[in-house]
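J.: Shown below is the structure under consideration.
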Amino acid sequence: MLGASRADSRITRVHTRVLDLPLPADFHPAWGRNEIQRSFYMTLVEVETAAGITGVTAAEAGLEAAASIERFVSPHLIGRDAAAPERLTPVLRDAEILGSPVYCVEVALWDIAGKIARLPVYKMWGAATDRVPAYCATGEVRSPERRVEDCRRIKAEGFKAVKLRFHSDDPRDDIRVVEAIRAELGEELVILVDANQAGVQPGFGGHRQWDFRVALKVAFELERLGVTWLEEPLPRHDRLGLRRLRDRLGTLQLAGGENNHGMHEFKLLIDEGCYDVLQPDAVLSEGVYQLRKVAAHAESAGLLMAPHTWTHGIGLLANLHLLASIPNHSWFEFPHEPPGWPAAALSQMLVNKPWIDAGGCVRVPDGPGFGFELDEELIQHHTVASYG
């Protein structure tokens, strides 16, 4: 029922299911020192309307996200117009005061609006492009020899760029990985680097926080090696340090923002000149349409947008629509680190798994809304809790 009137778009139910999704092999996340990951949690959210149209989204977290939605969001959405997302975004912002971030719910509202309009969301928002260049985002710390082999495979798969993780005890060991790739492949792959210094996860131990001097030394070495950007080199609220670092650099871009929340924080990052590339996430950082406002502010300052996407396949597609709708888009993060976390694992809840085309780009689904098609059999098998 895609041709329903707005009168039929009032919300009748918000249904959440917590999923524990398996990974095909052990995964050793660079950002979680000493952690071995064998599965990941997500909370699938379905917003139902009187017309029978359902909007889909998902939170990155498990039970805590489901509880926040059930207690602080759902009671304030029932009976409201799902096709008027701007009237409901204050609910999502206020909910973060009391529970885990639930900005992802805005995705479901725009999914409904797109289905009512019979248009993909990125076309409702202007359709700056229908495909965006993707980089292969790796997630583990690996030896130079293994990373060279990885990059040969990544290039053969059709990617034009790769992102490496810097998490060794001595950053010089990470720099040797870049040197080895340059020695073997030259300029055949664009290289991006993620230091994950914006917010250290608790409880995993062993992480050494970079100070300004370390970040500057690493940045100069990466500039020498022709790296395109350095991501999250300092804590997310060290805006003075980020500005000082950016002012010292020439060709190397600074990127970050996935750990910042709310339009107000991104305004500060832009106004204070912290980054060249902003990386908010429509699942974690702010509502998906609110991030279009951030993108417009960034565009006026001459900055690029490259959303963080390492949550799940639903978040990947939501951020893809966001990026395709704006003119100041940069590279699109495409998580793919076999054997532990290949791209298909991230999107296993979807029937159609996103992948790059022959040009190394990801095409935006052309169905109404965000184009989510859920694998209900898999979802039911891996559901561990249900609410609403």
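J.: For region 314-332, give me the residue count where each residue is open to solvent by less than 10 Å² (accessible area, probe 1.4 Å), within 21 Å of ARG165 (Cα to Cα) and out of contact with any Cys (no Cβ under 9 Å at 6 or more places or on another chain).
T.: Total meeting the criteria: 1.
J.: Hey, another quick one. Looking at this structure, is ARG93 under 24 Å from MET263 (Cα atoms), basic (Lys, Arg) and either touching a helix residue (DSSP H, G or I) at 6+ places or on another chain (Cβ under 7 Å) or outside any loop (DSSP other than H, G, I, E, B) (or both)?
T.: Answer is yes for this residue.
J.: Of the numbered conditions (1) outside any loop (DSSP other than H, G, I, E, B); (2) of a type in the set (D, E, K, R); (3) within 17 Å of TYR122 (Cα to Cα), GLU377 fails exactly one; give the number of that condition.
T.: The one condition GLU377 does not meet is (3).
J.: Here is a further query. Residues ARG165, ARG153, ARG172, ARG176: which one is among the basic types (Lys, Arg), farther than 24 Å from PRO365 by Cα and under 23 Å from the mean Cα position of the chain (by Cα)?
T.: ARG165
J.: Show me the helices (runs of 4 or more DSSP H) found entirely inside region 99-174 where at least 3 residues are open to solvent by less than 30 Å² (accessible area, probe 1.4 Å).
T.: 105-117, 144-157
J.: When you go through (1) out of contact with any Gly (no Cβ under 9 Å at 6 or more places or on another chain); (2) farther than 25 Å from GLN348 by Cβ one by one for SER325, which number turns out not to apply?
T.: Every condition holds for SER325 apart from (1).
J.: Suppose we filter region 347-388 for residues that are without any contact (Cβ under 8 Å) to a residue 24 or more places away in the chain and either open to solvent by 70 Å² or more (accessible area, probe 1.4 Å) or under 23 Å from the mean Cα position of the chain (by Cα) (or both); how many remain?
T.: 6
J.: Can you tell which of SER68, SER39, SER74 is out of contact with any His (no Cβ under 6 Å at 6 or more places or on another chain), of a type in the set (Ser, Thr, Tyr), in contact (Cβ under 8 Å) with a residue 60 or more places away in the chain and not in a loop (DSSP other than H, G, I, E, B)?
T.: When all the criteria are applied, what remains is SER74.
J.: Moving on. Report whether or not ALA59 is crowded, with 22+ Cβ neighbours inside 10 Å and either of a type in the set (Val, Ile, Thr) or closer than 17 Å to GLY114 by Cβ (or both).
T.: no
J.: Okay, next question. Restricting attention to region 250-308, and to residues there that are of a type in the set (Phe, Trp, Tyr) and part of a helix (DSSP H, G or I), which single residue is surrounded by the most Cβ atoms within 10 Å (Cβ to Cβ)?
T.: PHE266
J.: Hey, another quick one. Step by step: first the residues of region 42-61, then only those that are aliphatic (A, V, I, L, M) and not in a strand (DSSP E or B), then the one that is nearest to the chain's Cα centre (by Cα). Which residue is that?
T.: Filtering region 42-61 for residues that are aliphatic (A, V, I, L, M) and not in a strand (DSSP E or B), the one nearest to the chain's Cα centre (by Cα) comes out as ALA61.
J.: What pairs come up if the first residue lies in region 12-28 and is farther than 14 Å from ALA65 by Cβ and open to solvent by 30 Å² or more (accessible area, probe 1.4 Å), the second is of a type in the set (S, T, N, Q) and assigned to a strand (DSSP E or B), and their beta carbons are under 8 Å apart, counting only those six or more places apart or on different chains?
T.: THR12/THR49; PRO22/SER39; ASP26/GLN37; HIS28/GLN37
J.: Further question on the same structure: Here is a list: ARG213, ARG182. Which entry is without any contact (Cβ under 8 Å) to a residue 24 or more places away in the chain and either open to solvent by 50 Å² or more (accessible area, probe 1.4 Å) or assigned to a helix (DSSP H, G or I) (or both)?
T.: ARG213
The values are calculated or read from the model by the stated rules, or taken from the named source; none is laboratory data. Note that the coordinates shown come from a computational prediction; the quantities given were computed from them, not determined experimentally. In this analysis, Cβ positions are derived from the backbone assuming ideal geometry, glycine residues included, and neighbour counts consider all displayed protein chains. These accessible areas exclude ligands, DNA and RNA; they are computed on the full protein's heavy atoms, side chains included. Shrake-Rupley method; radii C 1.70, N 1.55, O 1.52, S 1.80 Å.
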